[in-house]
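Bear in mind these aren't lab numbers, they're just calculated from the coordinates by the rules spelled out. What you see is a predicted model; the values in this text were computed from it and never measured. FYI the Cβ positions are ideal-geometry reconstructions off the backbone, even for glycines, and counts take in every protein chain you see.
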Amino acid sequence: MISALSNFAHAQPGERMLHLTGYVGRWANTDLLDVPERSFRSNLTFEDSNFAGLGVSRVLIPSFSIPVIGTDQAFHGNKVEIEGQALRHFGDQNHWEGTLALMFRTGQIPLFRGLSVNLAVGEGLSYASERPRLEGSFRVEPTRFLNYLAFEAEFSHPSLPGVSFVSRIHHRSGIFGVIAPKESGSNFIGAGLRVSLP
């Protein structure tokens, strides 16, 4: 599939192909599907469980378009990336976490006064160096190896070329009991700075 898509993808002059991101995140006491509503209502609560770390992403498929069926329009500038992260958890949990994920990223969406955003979703795997203390329940023992999902908004402005601000939801789970019991997992809400690499 990747090779087929790459036939329709062409890197644009100056297009970012590699980037490094520094992240911090904090445990959110909510289910993944409730994060948008509870964030909008300012109704989120948090645990004293945090992480800090670095992520490196490489573009696998540069700029490609997705046509809008039944029209002459298309969504341009989409990308597929591979991302790896190394994170250190601290506070109520103390362990390392590594993730590896494929990321689908939209093209830039203009906002106002030169500010723009792109949106990304990632699917992959997460491995903790020891069982995360907060991730289980009285019925379920925490699991080191889980599925990983990322949901991200990246904001940039021409006044800071090659630098952007990132907000992200960092989600670990057993995929509704497929690879681990249903009560396994966590949601972290995080933010970071991203720099393009040559």
- Could you give me the ³J(HN,Hα) list for the stretch 84-99, computed from phi with Karplus coefficients 6.51, -1.76, 1.60 and θ = phi - 60°, whole Hz, x at Gly and Pro? x, 10, 10, 10, 10, 8, 8, x, 6, 10, 9, 6, 9, 9, x, 10
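Tell me the Kirkwood hydrodynamic radius of the stretch 20-95 in angstroms, computed as one over the mean inverse distance between distinct C-alpha pairs. Could you put the intermediate results ahead of the total?
Details: mean 1/r = 0.0635 Å⁻¹.
Result for the stretch 20-95 stands at 15.7 Å.
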- Task: Note down the nm distance, to one decimal, between modelled labels 7 Å out along Cα→Cβ at Arg131 and at Leu119.
- Result: 3.8
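By the scheme Lys and Arg +1, Asp and Glu -1, what is the net charge of all other residues having a beta-carbon under 11 Å from that of Pro132?
Details: positive: Arg131, Arg133, Arg144, Arg172; negative: Asp92, Glu97, Glu130, Glu135, Glu141.
Within the 11 Å Cβ shell, the charges total -1.
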- the stretch 94-111 scanned against label point 7 Å out from Glu47 along Cα→C-beta; backbone N under 13 Å for 94-95
- Item | In order through the stretch 24-31: 3J(HN,Hα) via Karplus (6.51 cos²θ - 1.76 cosθ + 1.60), integer Hz, x for Gly, Pro | 10, x, 9, 4, 10, 7, 6, 6
- Those trypsin sites (Lys or Arg not before Pro) in the stretch 91-148 that DSSP places in a loop and that have at most 12 other beta carbons within 10 Å: Arg113, Arg139
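Fewest first, what order do Ser167, Ser184 take by the number of other Cβ atoms within 10 Å?
The order, fewest Cβ neighbours first, is Ser167, Ser184.
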- Task: Calculate the length of the line joining the C-alpha centroid of the stretch 108-172 to that of the stretch 24-44, in whole Å.
- Result: 13
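Tell me the net charge near Ser57. Cut-off is 11 Å between Cβ atoms, Ser57 excluded, with +1 for each Lys or Arg and -1 for each Asp or Glu. Before the final figure, lay out each step's value.
Details: positive: Arg16, Arg58, Lys79, Arg105, Arg194; negative: Glu81, Glu83, Glu152, Glu154.
Residues near Ser57 contribute +1 overall.
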- Item | Value at 222 nm in deg cm²/dmol, rounded to 500, when DSSP H runs of n ≥ 4 in the chain each add -39,500 (n - 2.57) | -1000 deg cm²/dmol
- Gain on full stretching of the segment that runs from Ser167 to Ile82 - 0.36 nm per residue minus C-alpha separation: 28.8 nm
